[in-house]
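Visitor: I have a structure I would like to understand better, so I am pasting it below and will then ask my questions one at a time.
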Amino acid sequence: MYAFTLERPATVADAAKLAGAGGKLLAGGQTLLASMKLRLAAPEQLVDLGGIQELAGIRKEGNAFVIGAMTRHLDVGANAEIKAAFPALAWLADHIGDRQVRAMGTLGGSLANNDPSACYPSAVLGSGATVITSKREIAADDFFQGLFATALGEDELITAVRFPVPKRAAYEKLRQKASNFPLVGIFVTQGDAGVRVAVTGAGNGVFRHKGLEEALGKSFTPEAAAGVKIDASELNSDLHATAAYRANLISVLTQRAVRKALG
């Protein structure tokens, strides 16, 4: 391993200051440490967020769950209140990667990295959540900005995410067997503001599918989802699946998600 310094700040303000000076934030390390081992990343300074107690935890605020950025996937998946009120979110967290990833990976780390095949971005975008940072609050529709890109500034870090509890919700995905990332994942919610459908794994970042949202807004049924033509022209093709296959998965998985949401 090459030489680097490791900082362990005790406050969000200290972490933000170090990040603004060029330090690389370390949350769960499930992407960063692997990238460092492969020499794809070579930060001179790591800023470990693990010692900032205020960044972890789950609490209910009205009809929403506020989840700290350093909360582990296992803790979200096992939380009794989330399992009762927002089971789709608990299921998603409990099926990320494998148990080792879930024991170390964090909500904030996943969102800040914004991998185009990550599960959590679809939950945030699909539920219309709000990303709370050290400086402001950012609506989900404004947070994700493409491949590994977000609205975060260099000296800004995620502190928590506020998830409104929908009337109905479900998450469905088809795993890529070697990595456990989804070839396609679909997070569907139905709430007072309408229907939201977020897609991960199919394009250059998580995105909402307006055609499916409009159809399901009129009739929240698997048949309505099945009637929507999915355009493959802007979807990914790679060694795991073609764009046409991913387009078919979007349709099929949305139908399954709606069926699951309806119980």
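The values are calculated or read from the model by the stated rules, or taken from the named source; none is laboratory data. What you see is a predicted model, and the numbers here were worked out from it, not measured in a lab. Methodologically, a virtual Cβ is constructed for each residue, glycine included, from the backbone with ideal geometry; neighbour enumeration extends over all protein chains shown. Surface areas here come from the heavy atoms of the whole protein model, side chains and all, with no ligands, DNA or RNA. Shrake-Rupley method; radii C 1.70, N 1.55, O 1.52, S 1.80 Å.
Visitor: In a Debye calculation with equal point scatterers on the alpha-carbon sites of region 40-160 and no solvent, what is log10 I(q)/I(0) at q = 0.12, 0.13 Å⁻¹?
Guide: -0.42, -0.49
Visitor: Highest mean first, how do 87-94, 29-36 rank when packing is the count of other Cβ atoms within 10 Å averaged over residues?
Guide: Packing proxy ranking, top to bottom: 87-94, 29-36.
Visitor: Restricting things to alpha carbons, tell me how big region 18-76 is in terms of Rg and Dmax, in Å.
Guide: Answer for region 18-76, Rg first and Dmax second: 14.3, 45 Å.
Visitor: Express in nm, to one decimal, how much length is gained between ASP98 and GLU54 on full extension, taking 0.36 nm for each residue of separation and deducting their alpha carbon distance.
Guide: 13.2 nm
Visitor: Over the chain, what percent of the accessible surface lies on carbon and sulfur atoms, probe 1.4 Å?
Guide: Answer for the chain is 50 percent, counting heavy atoms of protein chains only.
Visitor: So if I take the alpha carbon set of the chain, get Rg, then get Rh from the Kirkwood formula, what is the Rg over Rh ratio?
Guide: Computed over Cα atoms, the ratio is 0.97.
Visitor: Still on this structure: With the dipole of the chain worked out from charges on the C-beta (+1 for Lys and Arg, -1 for Asp and Glu) around the Cα centre, which of THR71, LEU157, VAL131 lies farthest toward the positive end?
Guide: THR71
Visitor: Using a basic spin-label model with each label point 7 Å from the Cα along Cα→Cβ, how many nm lie between GLU61 and ARG8?
Guide: Inter-label distance under the simple model: 2.9 nm.
Visitor: Where the only charges are on Cβ atoms (+1 Lys, Arg; -1 Asp, Glu), what is the dipole of the chain about its Cα centre, to the nearest 20 debye?
Guide: My answer is approximately 780 debye.
Visitor: Excluding residues fewer than 8 places away in the same chain, name every one of the lysines whose C-alpha is closer than 21 Å to that of LYS17.
Guide: Qualifying lysines at Cα under 21 Å: LYS135.
Visitor: Ranking request for peptides 200-206, 95-101, 44-50, 22-28: highest mean number of other beta-carbon atoms within 10 Å first, then the rest in descending order.
Guide: 200-206, 22-28, 44-50, 95-101
Visitor: With 25 Å as the cut-off, how large is the P(r) tail for region 129-233, expressed as percent of Cα-Cα pairs?
Guide: More than 25 Å apart: 29 percent of the Cα pairs in region 129-233.
Visitor: Past 28 Å, Cα to Cα, is the threshold; run LYS60/LYS210; LYS24/LYS60; LYS60/LYS177; LYS173/LYS229; LYS60/LYS229 against it and keep the listed order.
Guide: Cα-Cα > 28 Å for LYS60/LYS210; LYS24/LYS60; LYS60/LYS177; LYS60/LYS229; rest within.
Visitor: Here's something else I'd like to know. Which of the peptides 229-235, 247-253 is most tightly packed, and how do the rest follow, judged by the mean count of other Cβ atoms within 10 Å per residue?
Guide: The packing order, highest mean first, is 247-253, 229-235.
Visitor: Please give, to one decimal in nm, the separation of the simple spin-label points placed at ASP142 and ALA244, each 7 Å out from Cα toward the Cβ.
Guide: 4.1
Visitor: Starting from the 7 Å offset along Cα-to-Cβ, what nm value, one decimal, do you get for the label separation of THR221 and ARG175?
Guide: With each label placed 7 Å out from Cα toward Cβ, I get 3.4 nm.
Visitor: Moving to a separate point now. Write down the accessible area per residue of the chain in Å², having rolled a 1.4 Å probe over the full set of protein chains.
Guide: Averaged over the residues of the chain, the accessible area is 47 Å².
Visitor: Per the Debye formula with a single identical scatterer at each Cα and no solvent contribution, what log10 I(q)/I(0) holds for region 117-160 at q = 0.21, 0.32 Å⁻¹?
Guide: Reported log10 I(q)/I(0), two decimals: -0.66, -1.31.
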